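Note sheet for the following structure.
Values quoted throughout were computed directly from the atomic coordinates according to the rules given, and no laboratory measurement underlies them. Quick caveat, the model's predicted, so the values are computed rather than measured. A quick note on method: Cβ atoms are made from the backbone with ideal geometry, for glycine too, and the neighbour counts reach across all protein chains shown.
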Amino acid sequence: MTTDDSSMPIASMLKRNEMKILVVEDDKFLRGLLVEKIKHEGFTVTEAINADEAFAAVHKNPPHIILLDLILPGKGGFEILTELKAQHDYASIPIIIISNLGSRDDVDQAMKLGAAEFMIKAHHTPQEIVETIKKVLEANYIGK
Amino acid sequence: MNPKIRHSLFFRFFLTLLALGIFPMGIASLFFVATYQSRIRAVLAPRDATALIETISIQFILIFLFVFIIASFAAIMVTRYITRPLSVLTEAVKRIGAGNFKVHITVSRKDEVGVLGTFFNEMAERIQEAKDRQEEISKLKSEFISIAAHQLRTPLSIQKWVYQGIKDGDFGKITKNQREAVEKGTIANESMIRLVHNLLDAARIEEGKFGYKFEEIDIIIFTKKIVDEKMILAKAKNITLTLGKVSDDPIILNADPDRLSIAIGNITENAIRYTAAGGTVSVRLEADSVSVVLKISDTGIGISKEDQPRMFTRFYRGSNVMHMETEGTGLGLFITKNIITAHGGEISFHSEEGKGTTFLIRIPRASTLKSPVNPPTEPFVAAL
């Protein structure tokens, strides 16, 4: 299902597959479902399952937006977030946290580190995640 | 006389000792007077006799004074010997009563008081051990719940996303029957997600990590929003949900809106869930200068007398609700009560089985975070 929101300027970019998104998620099944949904919306998707892959992907081809899980094998999402926000070239890339952590402390910490949104997987559908991605993109690229 | 002095040990010892000294003296002087007075007057000239009796009287008075002083002094000594260790013990027991078990008394005396001190020390140690063990178990339990709940969230998310994908037609067109089956799966999945969410909240409350962020809110707008949100559930269950008349002016309250909305939402949702179709749930909001009172009444199944005392306990569910609503977690009221208490408020209810329940939530308007009262924990060491 594709939501018809051609009124959003972001939609025209999506139609031309110009929006690059990086999905950092270690669970194969969840990643598959999410990536499928996002591709369907017209994003160009890169996948990463840990910090190393995520950094490599960012360096190779900086995405417009990153979906980041917090609990990952090895270096966790909080550390990835901190490192990316500390690097001048990448600090402006909006990052949406998609995690199953979700206590107020976790949310506060992520937002303080510069995350754009915090979504708890069990409480949101892929469709809602897509809506949030578009909203964040609007705010970060079109609104400026 | 000051009753504190009249009831003190010192005063009693003093009276006893004084009596012990003065009674024999008094009797002795009586005998003396009875036996010797007539003889003295018979033998001596009246002037000499009077002088002698005066001297003897003065001697007696001096002795009385001396006894008085000795009795006071002895009373002070005895009292100090007994009450000083007692006041140390009292202070130590007071601390244990307040929840500080790090109490040790140095015992150098070999008498009964010393024995009491030794046993006291042993008791304090045992209580501390039991408390440590309890805390350790409680911590492990909370950790276990946290980890288990987080582990459950990933498969639950997968289920949710898959069901949603099927319903959205992401995996191809589905029939009406298939959709109905998936809807049932969704309901079960959502209820599991809610259970996990409540478990995590309950564990956080127990670990003291359930943080609060207070801000000023207008309780009228706030309550209207909650009632609007619960309207969907009420309509689905064919229950009339009403919000009573509220004042036109805003009522400002210092509260954590997210947490408070969980608490009031829980109570409202319970009222709807445990009321049969056709019933009513009414939310009323009253305010005076010091506090805001929310009354949430239903015409539901009520809470039995036996269940009432345990309603705010974790995992406790009323005996009459189990077969009516299978999916409750028994955590809602526990979480709710903690939230209301943290706002400095109180929650109570009165209920009659079969007729309905009314919950009362009172929150002070200038509430700030009420952290649980921590007992003083600095160690207490004193000697008997």
| task | Among B:Ile335, B:Ser108, B:Ile53, pick out the residue whose Cα is farthest towards the positive end of the charge dipole of the protein assembly as shown, where Lys and Arg carry +1 and Asp and Glu carry -1 on C-beta, about the Cα centre. | result | B:Ile53
| task | Using +1 at the Cβ of each Lys and Arg and -1 at the Cβ of each Asp and Glu in chain B, identify which of B:Thr358, B:Ser72, B:Ser304 lies farthest towards the dipole's positive end. | result | B:Ser72
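What does the charge dipole of chain B about its Cα centre add up to, to the nearest 20 debye, if the Cβ of each Lys and Arg holds +1 and the Cβ of each Asp and Glu holds -1?
Values: 48 positive and 41 negative charges, 147 e Å.
In total the dipole reaches around 700 debye.
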| query | Along each of its three principal axes, how wide is the spread of alpha-carbon positions in segment B:1-95, in whole angstrom units, largest first? | reply | 73, 23, 16
| GNM flexibility winner over chain B from B:Ala342, B:Ala74, B:Ala124 (Cα, springs under 10 Å) | B:Ala74
| remark: What one gets for segment B:168-214 as the Kirkwood radius, inverse of mean 1/r over different Cα pairs in Å, is 13.4
| request: Please list the radius of gyration and Dmax for segment B:160-288, considering alpha-carbon atoms only, with Å as the unit. | output: 18.6, 58
| said: Cross-link candidates for B:Lys110: which lysines have Cα within less than 29 Å, leaving aside residues fewer than 8 places away along the same chain? | reply: B:Lys94, B:Lys102
| Of B:Ala202, B:Ala181, B:Asn238, which is farthest along the charge dipole of segment B:137-263 in the positive direction, counting Lys and Arg as +1 and Asp and Glu as -1 at C-beta? | B:Ala181
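If you count, for every residue in A:117-124, the Cβ atoms of partner chains within 10 Å of its Cβ, what is the mean?
Details: counts 0, 0, 0, 4, 8, 19, 7, 4.
Mean inter-chain Cβ contacts per residue within 10 Å come to 5.
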| Which angle between 0 and 90 degrees, to the nearest 10, do you get for helix B:257-273 versus the longest principal axis of chain B when only C-alpha atoms count? | 70
| So who's got an amide H within less than 5 Å of the one on B:Gly330, skipping anything under 5 residues away but keeping other chains? H placed 1.01 Å off N, in plane. | none
| note | CD proxy, 222 nm, chain B: helix-only mean residue ellipticity via -39,500 (n - 2.57) per DSSP H run with n ≥ 4, per residue, nearest 500, stands at -21000 deg cm²/dmol
| remark: If one builds a Gaussian network model of chain B from Cα atoms under 10 Å apart, the most fluctuating residue listed among B:Phe210, B:Phe334, B:Phe64 is B:Phe64
| request: Among A:Lys60, A:Lys121, A:Lys134, determine the one that fluctuates most according to a GNM of chain A built with springs between C-alpha atoms less than 10 Å apart. | output: A:Lys60
| note | Debye calc, one equal point scatterer per Cα of the protein assembly as shown, no solvent, log10 I(q)/I(0) at q = 0.05, 0.07, 0.12 1/Å comes to -0.40, -0.63, -1.24
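Going through the cross-link list B:Lys139/B:Lys295; B:Lys4/B:Lys131; B:Lys160/B:Lys235, which pairs have a Cα-Cα distance over 31 Å in this structure? Working shown, then result.
Working: B:Lys139/B:Lys295 36 Å; B:Lys4/B:Lys131 36 Å; B:Lys160/B:Lys235 25 Å.
Among B:Lys139/B:Lys295; B:Lys4/B:Lys131; B:Lys160/B:Lys235, the Cα-Cα distance tops 31 Å for B:Lys139/B:Lys295; B:Lys4/B:Lys131.
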| said: Please enumerate, by chain and number, the lysines with C-alpha under 16 Å from the C-alpha of A:Lys134, excluding those fewer than 8 residues away in the same chain. | reply: A:Lys15, A:Lys20, A:Lys37, A:Lys39, A:Lys144
| query | List the aspartates and glutamates whose alpha-carbon lies under 19 Å from that of B:Lys141, not counting same-chain residues fewer than 8 positions away? | reply | B:Glu129, B:Asp132, B:Asp201, B:Glu206, B:Glu207
| In bins 20 Å wide, starting from 0, what share of all Cα pairs of chain B does each bin hold, as a percent? | 18, 33, 21, 14, 9, 4, 1, 0
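So for chain B: antiparallel DSSP bridges make up what percent, rounded to the nearest 5?
Values: 25 of 33 bridges.
Bridges in chain B that DSSP calls antiparallel: roughly 75 percent.
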| query | Residues with amide H under 5 Å of B:Phe349's amide H, sequence separation 5 or more or different chain, H placed in the peptide plane at 1.01 Å from N; which? | reply | B:Leu360
| field | Rounded to 5, the percent of DSSP beta bridges in segment B:184-341 classed as antiparallel | value | 75
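Report the semi-axes of the equivalent ellipsoid for segment B:215-364 in whole Å, largest first, where each axis is √(5λ) for an eigenvalue λ of the Cα gyration tensor.
On the way: eigenvalues 118, 62, 35 Å².
Semi-axes from the Cα gyration tensor: 24, 18, 13 Å.
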| message | Considering the Cα positions of segment B:67-110, please state its Rg to one decimal place and its Dmax as a whole number of Å. | response | 14.8, 47
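Among DSSP bridges having both ends in the protein assembly as shown, what percentage is antiparallel? Round to the nearest 5. Could the numbers behind the result be given before it?
Working: 25 of 49 bridges.
Here the antiparallel bridges make up roughly 50 percent for the protein assembly as shown.
Quantify how strongly other chains surround peptide B:167-179 by giving the mean number of their Cβ atoms within 10 Å of each of its Cβ atoms.
On the way: counts 2, 5, 1, 7, 1, 0, 0, 0, 0, 0, 0, 0, 0.
Counting other chains' Cβ atoms within 10 Å and averaging over B:167-179 gives 1.
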| note | Full extension between B:Gln128 and B:Ser319 adds, at 0.36 nm per residue less the Cα distance, a length in nm of 65.1 nm
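Ignoring everything except DSSP H segments at least 4 long, calculate the 222 nm mean residue ellipticity for chain A; use -39,500 (n - 2.57) per segment, divide by total residues, nearest 500. Spell out each step's value before the answer.
Values: 6 runs with 62 residues, N = 144.
Mean residue ellipticity at 222 nm (helix-derived): -13000 deg cm²/dmol.
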| said: If you split all Cα-Cα distances of chain A into 5 Å bins from zero, what percentages do you get per bin, shortest first? | reply: 2, 10, 21, 25, 22, 13, 6, 1, 0
| query | From the phi of every residue in segment A:42-57, what ³J(HN,Hα) in whole Hz does the Karplus formula 6.51 cos²θ - 1.76 cosθ + 1.60 yield, where θ is phi - 60° and glycine or proline is x? | reply | x, 7, 8, 9, 10, 10, 9, 10, 8, 4, 4, 4, 4, 5, 4, 5
| task | Rounded to the nearest 10 degrees, what's the angle between the helix A:104-113 long axis and the longest principal axis of chain A, both from Cα atoms, 0 to 90? | result | 80
| remark: So the angle from the long Cα axis of helix B:332-342 to the longest Cα principal axis of chain B, reported in degrees to the nearest 10, equals 50
| said: Taking beta carbons within 10 Å but only from partner chains, what does the mean come to for residues A:21-30? | reply: 2
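Taking a temperature of 4 °C and a viscosity of 1.567 mPa s, what whole-number D in µm²/s does Stokes-Einstein yield for segment B:4-53 with Rh from Kirkwood over alpha carbon pairs?
My calculation gives 97 µm²/s for D.
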| request: Place the peptides B:146-152, A:48-54 in order of packing, highest mean first, counting for every residue the other Cβ atoms within 10 Å and averaging per peptide. | output: A:48-54, B:146-152
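State the three equivalent ellipsoid semi-axes of segment B:88-244, derived from the C-alpha gyration tensor as the square roots of 5 times its eigenvalues, in descending order and whole Å. Before the final figure, lay out each step's value.
Working: eigenvalues 628, 110, 29 Å².
Ellipsoid half-lengths, sorted descending, are 56, 23, 12 Å.
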| message | Quick one: 3J(HN,Hα) in Hz for segment B:233-242, Karplus 6.51/-1.76/1.60 with θ = phi - 60°, rounded, Gly and Pro as x. | response | 4, 4, 4, 4, 9, 6, 10, 7, 10, 10
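Efficiency by 1/(1 + (r/R0)^6): what FRET value for B:Thr240 and B:Arg179, r their Cβ-Cβ distance, R0 = 35 Å, to the nearest 0.05?
0.70
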| note | Note, segment B:222-227: 3J(HN,Hα) by Karplus (6.51, -1.76, 1.60, θ = phi - 60°), whole Hz, Gly/Pro = x, goes 4, 5, 4, 4, 5, 4
